[in-house]
Each structure stands twice: as C-alpha cells, then as structure tokens.
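See structure below.
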Amino acid sequence: MIQRINTDRLKQLLKDWAEVHDVFVPDEQGRLVRFEEDGEINWNIVPVWGGLKEFIYPPRNTVAGSKEDSGKLTVVVGARDCDVRALVNVFDRIMLEKDPADTVYKNRREKIRIVTVDCSSPADTCFCTAVGGKPYCDKGFDLNLSFIGDKVLIETGTDGGQALLKGLNSKEPENDEIDRKDSIRDTSTRKVKANFDSDYKSGRFGDRISGNSEEKYWEKKSEDCMQCGGCNFCCPTCYCNVLNEQSSGREIVKVLQWDSCQFPGYARVAGGANPRKELWMRFRHRYYCKFSLMPGEFDIAGCTGCGRCIQVCPGKIDIRDTIKGLL
Amino acid sequence: MSRVNPYEPIKAVIREVIEETPTIKTFRLELDEPMEFATGQFIQLTVPGVGECPFTPSSKPGKSRNMDVTVMKVGTATEVLHRKTSGDMLAVRGPYGNGFPLDFLKNKELLIVGGGCGMAPLRSLLYEIIENKQDYPSVSFLYGCRTPEDILYKGSFPEWKKEIDFERTVDKASEEWKESEGVVTKLFENVKVNLKKCVAVIVGPPVMMKFATMELEKKGVSDDRIIVSLEKNMTCGFGKCRHCLCGPYYVCKDGPVFFYKDVKDLPDVWD
Ligand SMILES: Cc1cc2nc3c(=O)[nH]c(=O)nc-3n(C[C@H](O)[C@H](O)[C@H](O)COP(=O)(O)OP(=O)(O)OC[C@H]3O[C@@H](n4cnc5c(N)ncnc54)[C@H](O)[C@@H]3O)c2cc1C
Ligand code: SF4
Ligand code: SF4
Ligand code: FES
C-alpha cells in the first residue's frame with residue numbers, strides 16, 4: 001500500500017515515534033543519529049559511517065553474559081537499498097537461517113524497523129546497478145519513503161511497518177505523483193549506471209580473484225593499502241568478527257567485535273603459520289570473498305555497490321578500478 | 001547444538017592435570033552438563049578473561065560430563081591454561097565440525113599417522129577403534145615425535161600395542177630409546193597394511209602432514225583414500241565469523257577433517 005503525506009506530517013510522525021521508540025535519522029552528513037526535534041535531517045547523502053549495519057550488528061556486542069535490553073523498538077529511518085540488500089541476503093541468512101542461529105542477532109533484528117528512502121541524488125561513488133541493485137528499495141523494508149517535492153509517498157512493506165502508521169491520516173497518491181516517483185527513480189538509475197557499468201561476472205574475473213595467481217596485479221593494486229580495515233568496517237555485507245573473552249570471576253562474558261580480513265593476524269594460527277602472510281594475499285582475499293565465495297553462499301555478490309569503501313579508503317583505492325583491471 | 005545461545009559456553013572444572021611432556025598437558029574436565037562429541041570434532045575452550053581456543057577432545061567419544069583436552073603450550077591462552085590447576089574453572093562450547101568419517105573407515109585397512117600433538121584427536125579415534133574392534137579388522141598406527149620426551153600418553157602405549165599394530169619413532173633418539181629413529185614417513189617402508197588398498201588418516205603439524213601426504217601418494221595411496229585434519233584460525237566454530245575459510249570451505253563446519261583430494265590444490269592448505 002502506498003500513502004501520501006507532506007514533509008511536515010513526516011516530521012510529526014518521527015516525533016510520535018520518538019515518544020515510544022528509539023528513532024534514528026540521517027544528520028547533515030547523512031550519518032544515522034538519534035532523532036531530535038530541532039536536528040537537521042539530510043535525506044540525500046548516502047552516509048559512510050552510521051549505516052544500517054551498526055544498529056543490527058554493532059561494532060562491539062555482548063553475546064554472552066550481562067546484556068542490557070531496553071525492550072524498545074529501534075526505528076532506523078534513511079537506510080538504502082544497498083544496506084537492505086546486504087542485510088536481508090547476507091546477514092539474515094548467515095545469522096538466522098544457517099544453523100545454529102545467532103540468538104543475540106535474532107533478538108536485535110526483531111526489534112528493528114527499517115524505513116528506507118529512495119536515492120534521489122546518488123553519489124559519484126555509487127554503483128549498485130553493476131552488482132544487481134538499484135537506487136531504491138522494493139523489498140526488505142518495513143516502510144519506504146519516496147520524496148517528491150514537499151510530499152512523501154510511504155510504501156508499507158510489512159505488518160511491522162503498518163503498525164508504525166497506525167492512526168495516520170493520509171491520502172492516496174495521485175497518478176502523476178506515482179509517475180514522478182518513478183521518473184526520479186529512473187533518473188537516479190541512469191546516473192548510477194554512468195558511474196560504473198561493467199559486469200563482474202564477465203571474462204576471466206572469477207579465475208583471477210581466486211588462488212594466489214596474478215600476484216603482480218595484486219601487489220600493484222594493494223600498494224597503497226594501509227591495512228586499516230576501514231573498507232570492511234563500513235561495508236554493509238562484511239560481518240567478520242572476533243570473539244573477545246571478557247569474563248571475570250565466575251561470570252562468563254563474551255563480546256563479539258568486528259574484525260577485518262585485511263589485518264595481518266586475521267588468519268594466523270598458533271606457531272605463526274598464516275595462510276595469507278602477504279598484504280597482497282589478504283587484499284586479493286577480500287575480492288575473492290565478495291565476488292566468488294559470497295555469490296556461491298548467498299546468491300548475491302558480497303558487494304552491493306554502496307561505494308562506501310571508496311569514500312573511506314585513506315589509500316584512495318577504488319574497488320571499481322580493481323574490478324575493471326581484471327575483466 | 002543443545003544450547004540456545006551458541007556463544008554461551010558450559011562451565012567446567014579441572015579435576016586433574018596430567019603432565020604429558022614439558023610443553024603438553026592433559027586437562028581432565030568435569031562439565032556442568034554432559035556434552036556429546038564424535039571423534040575428530042572440536043570444542044572451543046574458554047580460559048576465563050584470557051581467550052578461547054579450539055581443541056579436539058582426546059577422551060573417549062560419546063556423551064559425558066567428563067572430557068580430556070590435551071594442550072600444547074604455544075602462546076598467550078595456552079600459557080595461562082598451563083598454569084591452571086585442579087579446581088580451576090574453565091568453560092566449553094561445542095562440539096563443532098564433522099569429525100572422522102567412521103562409516104567410511106569401517107571395514108577398511110587403516111593406516112593412522114600421528115605427529116606430535118596430533119596424537120590428541122587420534123587418541124579419541126583409538127578409543128573408538130579399540131572399543132569397536134570388529135568394525136576395524138586391520139589397523140596400523142604410526143606415531144612420530146621430535147624426541148622420546150615429546151611423546152604423548154606414554155603410559156597407555158603397552159596397552160594399545162596389545163590391541164593394534166603400533167609403531168613409534170623419534171627424530172632424535174636418546175640413549176634409552178629402543179624403537180625407531182627418523183621422521184615418521186620412514187616407517188611407511190615396512191607398514192603391515194596394504195598401501196594399494198588402505199585408507200590413511202593423518203593428523204599432525206602442517207609440515208608433517210604435507211610430507212606424509214606427499215610420501216603416501218608416491219607409495220600408491222590415492223588422494224581419495226587419505227584423510228587429514230586441518231588447523232585454521234577459528235573464532236566462532238560454527239560458520240559465522242569467516243576466519244577459518246580455506247578456499248571454498250569453512251574448516252569449522254565442512255572440516256576440520258577432509259579428504260585430501262578435496263583440499264590438496266588449495267593454495268593455503270598447509271600455511
Ligand atoms: C580444529 C582445531 C583443533 C585443535 N586441537 C588442538 C589440540 O587438541 N591440542 C592443542 O594443543 N592444540 C590444538 N589446536 C591448536 C590450538 O587451538 C592453538 O594452539 C591455540 O589456539 C593457541 O592459542 P594461544 O593463545 O596459546 O596462541 P597464540 O599464538 O598466542 O594465539 C594468539 C591469538 O592468535 C589467534 N590464534 C592462534 N591460533 C589460533 C587458532 N588455531 N585458532 C584460532 N585462533 C588462533 C587467537 O586469536 C589467539 O588468541 C587446534 C586447533 C584447531 C583449529
Ligand atoms: S580502507 Fe583502503 S587502506 Fe584501509 S584496509 Fe581497506 S583498502 Fe586498505
Ligand atoms: S565492497 Fe565497498 S562498495 Fe561494495 S558493498 Fe562493501 S563498502 Fe560498498
Ligand atoms: S570458525 Fe568461524 S566461520 Fe569457521
């Protein structure tokens with residue numbers, strides 16, 4: 001169902017939600033921050049940090065032992081298709097469907113409501129269309145917002161989303177409003193396609209990212225990598241973690257923390273053996289994982305084209321260039 | 001998986017510590033709740049406040065509150081573990097992984113090759129074999145260590161020797177050592193099982209497995225009759241952290257026990 005309200009009414013709606021739920025919206029830089037009545041909201045910028053992943057899979061998460069749980073719903077407003085595709089196809093499948101289910105993730109997931117927005121001004125770094133996505137969401141959301149001028153079209157995706165709209169006095173959109181929404185979506189799609197339109201499934205790409213062949217290529221490409229792990233941490237599909245043992249006394253406490261496959265010690269075993277000793281091997285592994293292993297496991301690439309890693313990388317490494325060089 | 005939260009371990013108390021070698025101890029644990037494991041599966045052992053490490057129980061497989069883990073002192077967590085004594089608390093979660101393919105091993109001639117601390121998982125396999133002797137009519141066991149001092153389960157050897165063909169060798173013999181000297185692959189020369197037919201199970205340090213598999217292939221043991229247990233970095237143990245990936249495999253779920261044919265061409269199999 002699609003309903004129409006105006007942007008003032010949306011503000012009121014957010015206020016109503018914030019009375020009972022934890023509500024997060026994009027700030028001026030697009031980072032998802034707690035909603036405040038007089039805070040600025042920027043619906044346009046795709047955030048680098050403060051994306052959807054952090055709410056469902058926090059950087060540090062107590063998975064055994066003491067836990068704090070407010071019992072409140074968390075409503076995240078402003079997620080994008082690149083976030084949701086990763087969440088639904090990668091996170092939900094690994095954490096919920098594959099046995100054993102991660103019960104901590106499950107609890108958190110059940111308490112999240114996802115309100116996505118159409119991307120009306122994609123960044124130069126966006127390339128979702130090259131990896132099977134699009135700059136708007138058509139599934140996986142509880143509610144989706146399409147902004148057209150001072151109006152907002154709200155599409156309901158789930159009962160949980162419907163419940164958030166209870167009592168909302170809205171109108172049905174006019175046909176020309178639906179047309180405008182579609183035309184904004186088309187324009188955005190064209191813009192994203194112009195950013196990058198190569199098919200990673202083509203040519204010898206698959207062979208060249210697996211095994212330790214193409215050493216020269218990977219050495220060259222990884223020259224500027226500082227092994228900071230930023231590309232993993234900001235990525236909506238990366239979920240590698242390390243379990244931190246924090247027990248004291250007789251209470252067992254375990255904290256799950258984000259980890260990065262770019263860190264030298266990531267795959268090291270006792271005695272010092274390390275399957276990916278060299279930087280270029282770890283660098284290659286990230287591509288192998290995303291474009292060979294993950295497609296096999298999840299039916300989507302482990303890259304949804306959000307472009308965050310391009311923006312965040314201090315070495316100015318652009319994943320699109322790395323892909324292109326191998327096609 | 002009996003527990004709801006897979007990260008929540010079962011508490012365990014150390015009941016006895018057995019000093020096997022200068023660097024290896026066996027910890028006899030009593031768990032708060034019974035755990036059922038198959039031989040070759042592994043557990044994650046919590047050393048409270050320090051870390052968690054994967055170990056393969058060395059005790060008799062099955063369901064029990066008692067479990068032995070045999071641990072070599074190699075780094076941070078194992079160092080602290082080696083200072084623990086009877087009565088100290090640890091915690092265990094698991095079991096994880098596939099374990100040895102017993103249905104495949106039954107009624108075959110078996111050549112079991114152990115190196116150093118690789119004897120730990122093989123002890124639980126030995127218990128399995130000796131208890132179900134009718135299923136394992138012909139078994140040769142070869143065990144290699146650096147020096148006589150490094151040999152595990154010294155006291156059990158005479159007993160095992162009565163049950164199956166069991167040869168030991170050390171890289172560097174001492175005055176008193178009466179058995180073989182040299183690397184374990186040397187014992188392949190005179191094994192009693194038929195190398196053209198037998199199934200080989202190899203567990204040990206990576207270098208040892210690398211050379212043993214190469215040598216056995218040369219001697220006519222085909223790669224679909226060689227079974228190895230891989231050691232990779234593991235955090236979760238149940239397919240949720242990606243640390244253990246080796247080629248397309250999750251070593252924690254698809255392994256740690258593999259047919260050699262499935263892993264031999266992976267670039268990082270022994271690293
Ligand atoms: C399936 C399996 C079964 C094993 N069975 C046995 C056994 O029966 N007996 C035995 O003595 N050893 C066994 N090991 C090896 C044992 O797990 C390591 O020796 C132990 O983890 C070393 O921990 P440490 O903190 O003392 O070493 P350090 O070298 O100090 O380790 C430091 C850190 O490196 C990482 N690390 C190093 N090695 C590993 C590893 N293998 N897995 C995960 N993280 C690692 C961890 O983050 C660890 O905290 C097994 C390993 C695997 C994978
Ligand atoms: S963000 Fe860039 S520098 Fe940092 S680990 Fe990734 S590729 Fe390397
Ligand atoms: S790899 Fe880079 S562009 Fe692809 S989803 Fe991850 S952060 Fe976004
Ligand atoms: S150990 Fe975590 S996925 Fe295998």
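The values are calculated or read from the model by the stated rules, or taken from the named source; none is laboratory data. The model shown is predicted, which means the values in this text are computed figures rather than measured ones. Cβ coordinates were reconstructed from backbone atoms using ideal geometry, including for glycine residues, and neighbour counts include every protein chain displayed. Accessible surface is based on the protein model in full, side chains and every heavy atom, while ligands, DNA and RNA are left aside. Shrake-Rupley method; radii C 1.70, N 1.55, O 1.52, S 1.80 Å.
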* Structure fact -> Taking r as the C-beta separation of residue B:174 and residue A:263 and R0 as 45 Å, the FRET efficiency to the nearest 0.05 is 0.55
* Which value at 222 nm does the protein assembly as shown reach when only helices count, each DSSP H run of 4 or more adding -39,500 (n - 2.57), with the total divided by all residues and rounded to the nearest 500 deg cm²/dmol? -> -6500 deg cm²/dmol
* To do: Assuming R0 = 35 Å, can you tell me the calculated FRET efficiency for the pair residue B:154 and residue B:219, based on Cβ-Cβ distance, to the nearest 0.05?
  => 0.75
* When Cβ neighbours within 10 Å are restricted to other protein chains, what is their mean count per residue of peptide B:227-240? -> 4
* To do: Please determine, in degrees from 0 to 90 and to the nearest 10, the orientation of helix A:175-195 with respect to the longest principal axis defined by the Cα atoms of chain A, where the helix direction is its Cα long axis.
  => 20 degrees
* Antiparallel DSSP beta bridges within the protein assembly as shown, percent to nearest 5 -> 65 percent
* Between the DSSP loop rule and a limit of at most 15 other Cβ atoms within 10 Å, which GluC sites (Glu not before Pro) in the range A:182-232 are left? -> A:223
* State, to one decimal in nm, how far the label point of residue A:98 lies from the label point of residue A:139, with both points 7 Å from Cα in the Cβ direction. => 2.1 nm
* Reachable lysines, given that their alpha-carbon falls under 22 Å from the alpha-carbon of residue A:220 and they are not under 8 places away in the same chain -> A:277, A:290, A:316, A:324
* **Debye intensity ratio I(q)/I(0), log10, the range B:104-247, q values 0.11, 0.15, 0.17, 0.18 Å⁻¹ (C-alpha model)** => -0.43, -0.78, -0.98, -1.07
* Asked: Can you give the mean number of other chain Cβ atoms that lie within 10 Å of the Cβ atoms in peptide A:238-247?
  -> 6
* For the protein assembly as shown, give the percent of accessible area contributed by carbon and sulfur heavy atoms, probe 1.4 Å, rounded to a whole number. => 47 percent
* To do: Please return the longest stretch of chain B lacking exposed loop sites, where GluC sites (Glu not before Pro) count only if DSSP places them in a loop and at most 11 other Cβ atoms lie within 10 Å.
  => B:1-174
* Asked: P(r) tail for the range A:273-324, what percent of Cα pairs lie past 15 Å?
  -> 55 percent
* Asked: What nm value, rounded to one decimal, do you get for the distance between residue A:2 and residue A:20 when each label is placed 7 Å out toward the C-beta?
  -> 2.8 nm
* Asked: At each listed q (0.06, 0.11, 0.12 Å⁻¹), what is the log10 of I(q)/I(0) that the Debye formula gives for the protein assembly as shown modelled as equal alpha-carbon point scatterers?
  -> -0.39, -1.05, -1.17
* Asked: Taking a ≥ b ≥ c as the square roots of the eigenvalues of the Cα gyration tensor of chain A, is the shape rounded (a/c under 1.5), prolate (a/b larger than b/c) or oblate?
  -> oblate
* Asked: Where a Cα-Cα gap under 17 Å defines reach, which aspartates and glutamates qualify for residue B:108, not counting those fewer than 8 residues away within the same chain?
  -> B:128, B:131, B:135, B:163, B:165, B:223, B:224
* **Residue-count net charge about residue A:40 - beta-carbon cut-off 14 Å; Lys, Arg +1, Asp, Glu -1** => -2
* To do: Note down the Stokes-Einstein diffusion coefficient of the range A:205-324 in µm²/s, whole number, using a Kirkwood radius over alpha carbon pairs, 4 °C, and 1.567 mPa s.
  => 83 µm²/s
* Considering every Cα-Cα pair within the range A:109-263, what fraction, in whole percent, is farther apart than 24 Å? -> 58 percent
* Structure fact -> Here the net charge surrounding residue A:266, from other residues whose Cβ is less than 10 Å away from its Cβ (Lys, Arg +1; Asp, Glu -1), is +3
* Antiparallel as a % of all DSSP beta bridges within the range B:116-271, to the nearest 5? -> 30 percent
* Asked: By how many degrees, between 0 and 90 and to the nearest 10, does the Cα long axis of helix B:206-218 differ from the longest principal axis of chain B?
  -> 30 degrees
* **Net charge of Cβ neighbours under 9 Å - reference residue B:90; Lys, Arg +1; Asp, Glu -1** => +1
* Relative contact order, percent, chain B [alpha-carbon distance under 8 Å, six or more residues apart] -> 18 percent
* Just tell me how shielded B:263-269 is by partners: mean number of partner chain Cβ atoms within 10 Å of each residue's Cβ, no decimals. => 3
* To do: Return a whole-number percent for the relative contact order of the range A:2-195, with Cα pairs under 8 Å and 6 or more residues apart as the contact set.
  => 25 percent
* Quick one: buried accessible area between B and A, total over both chains, 1.4 angstrom probe, nearest 100 Å²? -> 3300 Å²
* Quick one: which of A:111/B:11; A:151/A:193; B:186/B:210; A:134/B:240; B:84/B:232; B:11/B:73 span more than 19 angstrom between C-alpha atoms? -> A:111/B:11; A:151/A:193; A:134/B:240; B:84/B:232; B:11/B:73
* Asked: Measuring with a 1.4 Å probe in the full set of protein chains, what accessible area per residue, in whole Å², belongs to chain A?
  -> 44 Å²
